[in-house]
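Colleague: Would you mind keeping the following structure in view while I ask a few things?
Rule-based calculations on the coordinates, nothing more; no lab input. Note that the structure is predicted; figures quoted are calculated from it, not measured. Don't worry about glycine lacking a Cβ; one is built from the backbone with ideal geometry, like all the others, and counts go over all protein chains shown.
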Amino acid sequence: METFASLLNAFNEQKKEAENLLLQDCKALWEAGEHLPMELLKRFGWSGKGNEWLENHHPFFAVYEATTQIETAFKILVQARASLVELYGHYHAGLMYDGFELSEEIAWKATHESFKYVFAASALVQAYRRFLNFGEVDKEGYDRVFSRAFPDTELMAFVQKLRNCYGHQMLLEVSPVGTVSYGDDIKVESGLTFDRVKLLALKDAWNADAKRFIERSDKLNVLEIVGKYHRMASELFEGYGSATGVIHTVGFREIARCKQAITSAGKIISLGIILQSAKQRAVDPYAHLAKHFTKNELEKIRCLPSHSREQVDYMVALRDPLGLCDDKLRAELYELFEC
């Protein structure tokens, strides 16, 4: 008589063999530069090993991962700029009521935030350089979009050299400046600036372009510098994927498709758990939609007839664009929403 352990081992071996066959089918199509057909994609999404298989076996994964690194670095840059803008807003608003008593604290915080922005910009540059090392990338296309995005090479050089200055020369303090005029109305003028004289004294910190940027600027307003650089960096980020051809490749689209299948499978599992809990507690599902959908999605959902299959199908499609949801789960959702 077989023991439970031997039965479990046999089950695990059978499962392992099935996973290996699935992986081999996926690999064959990936290496041939083809998409997984829908049935195979569904099995891939439910496998529980999708991310591991993509990372280890998809020939385009390294390029895809490089674009992910660029996206992450750009998000950090966006957040760093937002922090600087928020800090300046607090400083400007506070001048009217608190005067300059917080100037020392603002100077420290602004220096801290500018430090973060400069190093975020440097990390983004390095991410692009790693991306350009791949043979699949159209480097001429990248150069074209880069030239359009960064016409001010002197400003670009200044921001890049700031990183070297912070890292190897000195921490350049940002100085809050401002005036408050009292008349019929209170008028506040303010800014966050670098000391131009102090920057020019650091002769070894700048190349020719960066030095020209410092010399041409009467006031080195930090927010203006960051704002202009950010607009250029944003244009490059928005255009590089198409200009280099990467986002149009079968490999890129297939990985994005596989990632969506993994995400959809996870959401369906969560949905099944939520569904069982909702049925046991007899809750009104409409009272909980805001937890699972955005405001814009909710507006579109509410345009459809309540307690209708059309409405439920639309909600499922929002979270399962690849169609992994099976008929049994869909029928249970119809029942929950009293369709």
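Colleague: On C-alpha positions alone, give me the angle between the axis of helix 103-132 and the longest principal axis of the chain, in degrees, nearest 10.
Modeller: Compared with the principal axis, the helix lies near 50 degrees.
Colleague: Can you give the net charge of the other residues whose Cβ lies under 13 Å from the Cβ of N133, counting K and R as +1 and D and E as -1?
Modeller: +1
Colleague: Given Cα pairs under 8 Å that are at least 6 residues apart, what percent is the relative contact order of the chain?
Modeller: After rounding, I find 20 percent.
Colleague: Taking the Cβ of each residue in I273, I70 as the centre, tally the other Cβ atoms inside 10 Å and list the residues starting with the fewest.
Modeller: I273, I70
Colleague: Still on this structure: Taking the Cβ of each residue in L192, L172 as the centre, tally the other Cβ atoms inside 10 Å and list the residues starting with the fewest.
Modeller: L172, L192
Colleague: Which values of log₁₀ I(q)/I(0), to two decimal places, follow from the Debye formula for the stretch 211-256 at q = 0.33 Å⁻¹ with a uniform point scatterer at every Cα?
Modeller: -1.07
Colleague: Name the residue, out of G241, G191, G135, whose mean-square fluctuation peaks in a Gaussian network model built on the chain with Cα pairs under 10 Å.
Modeller: In the Gaussian network model the winner is G135.
Colleague: Can you give me the orientation-averaged projected area of the convex hull built on the Cα atoms of the stretch 286-339, in nm²?
Modeller: Answer in nm², one decimal: 3.5.
Colleague: Among I269, I76, rank each residue by its count of other Cβ atoms within 10 Å, from fewest to most, as a rough exposure measure.
Modeller: So the residues, fewest neighbours to most, are I269, I76.
Colleague: Report, in deg cm²/dmol and to the nearest 500, the calculated mean residue ellipticity at 222 nm for the chain, where each DSSP H run with n ≥ 4 adds -39500 (n - 2.57) and the sum is divided by the residue count.
Modeller: -23000 deg cm²/dmol
Colleague: Continuing with this model, one more query. Given C-alpha coordinates of the stretch 61-248, what is the ratio Rg to Rh with the Kirkwood estimate of Rh?
Modeller: 1.04
Colleague: Would you mind checking the radius of gyration and Dmax of the chain based on alpha-carbon positions, in Å?
Modeller: 27.7, 98
Colleague: Now a separate question. Angle between the Cα long axis of helix 327-336 and the longest principal axis of the chain, 0 to 90 degrees, nearest 10?
Modeller: Roughly 70 degrees, rounded to the nearest 10.
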